[in-house]
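Written below as structure tokens is the structure these notes are about.
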């Protein structure tokens with residue numbers, strides 16, 4: 001498993017990236033509708049932030065080729081995903097009630113709510129290529145392999161979200177699952193774990209889960 005941890009990580013991040021995109025559409029649709037215009041805004045903004053994430057991830061990976069930095073990016077993505085339910089209540093819903101152009105509202109909501117998770121998840125792929133290149137000299141082969149794993153993960157995430165997760169467990173529970181998976185993955189790939197790191201990781205995870213649960217309670221209270 002350790003030998004293929006980078007491939008596994010890119011696969012999971014690819015899957016989560018697509019799940020987040022479908023969750024974005026599901027969250028925005030009650031407020032803004034689900035027209036082609038809204039989908040265009042969501043997909044366009046997520047691709048924009050992913051491209052930024054690829055660029056930033058590559059730059060940082062060249063300067064700091066350390067798997068612990070990649071672990072930190074994963075943890076940060078979990079932080080931003082955990083606050084999405086709060087952003088739905090305090091940003092998406094109020095903006096949807098304004099008379100601003102729906103396309104501009106969709107772009108703004110997508111940027112604020114899902115931009116950073118998309119950016120941070122995208123940094124993982126170039127990090128994985130850089131770290132794997134330490135072991136292998138065929139950079140083209142390594143890059144192609146990582147892109148393939150990420151794309152396969154995206155395909156799996158798309159079908160899982162559309163056919164299983166959203167219809168069966170709901171958006172808020174999906175966010176709980178995603179945060180849990182990312183935190184576990186971040187913890188698993190971290191090098192040099194000690195008792196202090198374990199305790200900090202558990203505390204951070206509990207705080208993030210509390211964010212999601214509290215926001216879920218607030219949502220049903222306000223609705």
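The values are calculated or read from the model by the stated rules, or taken from the named source; none is laboratory data. Because the structure is predicted, anything quoted here is derived from the model rather than measured. Using ideal geometry, Cβ is built from the backbone for each residue, glycine included, and neighbour counts are taken over all protein chains shown.
Listed values, structure above:
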{"item": "Given (1) in a helix (DSSP H, G or I); (2) touching a helix residue (DSSP H, G or I) at 6+ places or on another chain (Cβ under 9 Å); (3) more than 21 Å from residue 92 (Cβ to Cβ), number of the condition residue 200 does not satisfy", "result": "(2)"}
{"item": "Single residue of the range 100-135 satisfying the filter (without any contact (Cβ under 8 Å) to a residue 12 or more places away in the chain and not in a helix (DSSP H, G or I)) that is nearest to residue 58 (Cα to Cα)", "result": "135"}
{"item": "Within the range 1-21, considering residues that are at pLDDT below 90 and in a helix (DSSP H, G or I), the one surrounded by the most Cβ atoms within 10 Å (Cβ to Cβ)", "result": "21"}
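Matching residues to (1) closer than 20 Å to residue 81 by Cα; (2) in contact with a strand residue (DSSP E or B) (Cβ under 8 Å, 6 or more places away or on another chain); (3) at pLDDT below 95; (4) outside any helix (DSSP H, G or I):
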residue: 144; (1), (2), (3), (4): no, no, yes, no
residue: 155; (1), (2), (3), (4): no, no, yes, no
residue: 165; (1), (2), (3), (4): yes, no, yes, no
residue: 186; (1), (2), (3), (4): yes, no, no, no
